[in-house]
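I have placed the structure first, in the form of structure tokens, so that the comments after it can refer back to it.
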Amino acid sequence: MSSAAPSIERSAERAVGRVLPPWWLFLITGIGWAIVGLIVLRFNYTSVHAISLLFGFVAIAAGVMEVVMTFVVPGWWKLLNGVLALAFIAAGVVALIHPGNTFVALAAVFSFVLVFAGMFDIIMSIASRHEIDVWWLQLIGGIILLFLGIWAAGDYGRSAVVLIAWVAAFALIRGVRDIVYAFRIRGLQHA
């Protein structure tokens, strides 16, 4: 019975490898995210432009997904998805046309997003402290987000620096993650 377990595990890994996208796709996206992160870290107009373009492309992609959802969801949800699609696509187009104004708006809103995310994490960590052993990690993260948001709120310069640093960190972490995924998937697909 113990010799059958590794065989089942290997066949399961091969099945997962066949379902996943090509490994090189994750490698390319990982390198792309890492490049975006390094560009954003320059903290100049290129950073502002890159963040605005990134937001524009993400908003347009979200709009396209909402259009697809209008064909999937029933009833009045179609209307909500249609309105969201228009809003996302319009915001994406405006972000691509006016990157400077988009960055100012994102920086103004971002500190408040951090405050709300921090409060949410604090509440969720306390609520789940009996179910999750490391609930305190989420609590610490929530406190950091809350104080970072409060510190950046009301000051455009600090909000802009926090936004740029946050986007750069996200892009670099996502890039490293995708590169690691690429080689893990390659191992599964070529096992």
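Quick notes on this one:
- Global form of region 1-95, assessed from the alpha-carbon gyration tensor, a/c cut-off 1.5: oblate
- Of the accessible area of the chain, computed with a 1.4 Å probe over protein heavy atoms only, carbon and sulfur atoms account for 77 percent.
- Gyration tensor verdict on region 37-191 (Cα atoms; rounded if a/c is under 1.5, prolate if a/b is larger than b/c, oblate otherwise): rounded
- Anisotropy class of region 103-191 from Cα gyration tensor, a/c 1.5 cut: oblate
- A protection proxy built from the mean count of other Cβ atoms within 10 Å ranks the segments 17-24, 157-164, most packed first, as 157-164, 17-24.
- Surface analysis of the chain yields an accessible area of 64 Å² per residue, using protein heavy atoms and a 1.4 Å probe.
- Each peptide in 122-135, 52-65 gets a packing score, the mean of other Cβ atoms within 10 Å over its residues, and the list from highest to lowest is 52-65, 122-135.
- Projected label points at Trp24 and Ser11, each 7 Å from Cα along the beta carbon direction, are separated by 3.1 nanometres.
- In the chain, helices alone account for a calculated mean residue ellipticity at 222 nm of -30000 deg cm²/dmol, with every DSSP H run of four or more residues adding -39,500 (n - 2.57).
- Between the listed residues Pro74, Gly63, Tyr181, the Cα displaced farthest toward the positive end of the dipole of the chain, a dipole computed from Cβ unit charges relative to the Cα centre, is found at Tyr181.
- Membrane-span-like helices of the chain, defined as complete DSSP H segments with a Cα extent of 24 Å or more along the helix axis and a mean Kyte hydropathy of at least -0.5, are identified as 23-40, 45-70, 77-97, 99-127, 135-152, 156-189.
The values are calculated or read from the model by the stated rules, or taken from the named source; none is laboratory data. For clarity, every value in this text was computed on a predicted model and none was experimentally measured. All Cβ positions, glycine included, derive from the backbone under ideal geometry; neighbour counts span all protein chains shown. The accessibility values were calculated without ligands, DNA or RNA, using every heavy atom of the protein model including side chains. Shrake-Rupley method; radii C 1.70, N 1.55, O 1.52, S 1.80 Å.
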